[in-house]
1. Classify segment 70-136 from the C-alpha gyration tensor, please: rounded if a/c falls under 1.5, else prolate or oblate depending on whether a/b exceeds b/c.
2. Using the Karplus curve 6.51 cos²θ - 1.76 cosθ + 1.60 with θ = phi - 60°, work out ³J(HN,Hα) for each residue of segment 105-116 in order, rounded to whole Hz, and write x for Gly and Pro.
3. List the residues, sorted by chain then number, that are 5 or more residues from Ile95 or on another chain and whose placed amide H is less than 5 Å from its amide H.
4. Under the rule a/c < 1.5 gives rounded, and otherwise a/b versus b/c splits prolate from oblate, where does segment 32-185 land using the Cα gyration tensor?
5. Tell me, what HN-Hα J-couplings in whole Hz come from the Karplus equation 6.51 cos²θ - 1.76 cosθ + 1.60 at θ = phi - 60° for each residue of segment 41-54, using x for Gly and Pro?
6. Here are some pairs, Lys34/Lys136; Lys80/Lys143; Lys60/Lys163; which of them have Cα atoms lying more than 26 Å apart in this structure?
7. To two decimal places, what compactness ratio does segment 127-188 give when its Cα radius of gyration is scaled by 2.2 N^0.38 Å?
8. How big is segment 86-125 on each of its three principal axes, counting only the C-alpha atoms and giving the largest first in Å?
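We did not get these values from a lab; they are worked out from the coordinates using the rules stated. Just so you know, these numbers come straight off a predicted model, no measurement behind them. Methodologically, a virtual Cβ is constructed for each residue, glycine included, from the backbone with ideal geometry; neighbour enumeration extends over all protein chains shown.
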Amino acid sequence: MRTYFGLLALLAAHAPDGPSGGAALAGERGEGVKVGQRAPDFNATASDGKLYTLGALAGKLVVLYFYPKDDTPGCTIEAKGFRDVNAEFAGLGAIVLGVSRDGLDSHQAFAHEYGLNFPLLADPEGVMHQAFGAFKQGSLWGKTALGVDRSTVVIDGYGVVRKVWRQVKPDGHAEEVLAFVKGLAAPR
């Protein structure tokens, strides 16, 4: 029973707040962004202490990857994957930004522990998650709640969404995104 309640608490802690201030209902999930449309601007503080907005990143390819929680097994695998190929992203004029609902203290500890060489954006209210469609309905023993849908969005230098991945498998995902970004950056 203890595990059951612990998992429900984890789901509830990472569910978006609805209009009433409580957990959002299943029907409130935003569909998020689609390829070819303009990406919503965002305003978030990162693990490096800087404020990031999409507008300030104009001209750069932006890789936004949404993950459930700092320092958990799948999220650590994914973060280390992006860390290991971040220099290649930078060489292509792309910036990688990890996004979760964790706070800055958690992000800073996570980044330090694993030597992450890219910023982690804090989105505790789930505003970015909602705007980009990074929530999904999940169920555990008949109880439903919204949780984070591990997702990645690539935005071009004009602010247009070029690719969206949903329900990402962490292992090898960074290399898949890198291959896509290389295709965007290749001369035509």
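1. Verdict is oblate for segment 70-136.
2. The phi angles translate into 4, 5, 4, 5, 5, 4, 4, 5, 4, 10, x, 5 Hz.
3. Residues meeting the criterion, in which the H sits 1.01 Å from N, are Leu61, Val62, Val63.
4. On the way: a/c = 1.38, a/b = 1.20, b/c = 1.14.
Judged from the Cα gyration tensor, segment 32-185 comes out rounded (a/c under 1.5).
5. Result, ordered by residue: 5, 9, 8, 9, 8, 10, 4, 8, x, 8, 8, 10, 10, 5 Hz.
6. Numbers: Lys34/Lys136 16 Å; Lys80/Lys143 32 Å; Lys60/Lys163 15 Å.
Long pairs (Cα-Cα over 26 Å): Lys80/Lys143.
7. On the way: Rg = 14.7 Å, N = 62, 2.2 N^0.38 = 10.6 Å.
Rg over 2.2 N^0.38 Å, computed on Cα atoms: 1.39.
8. 31, 23, 8
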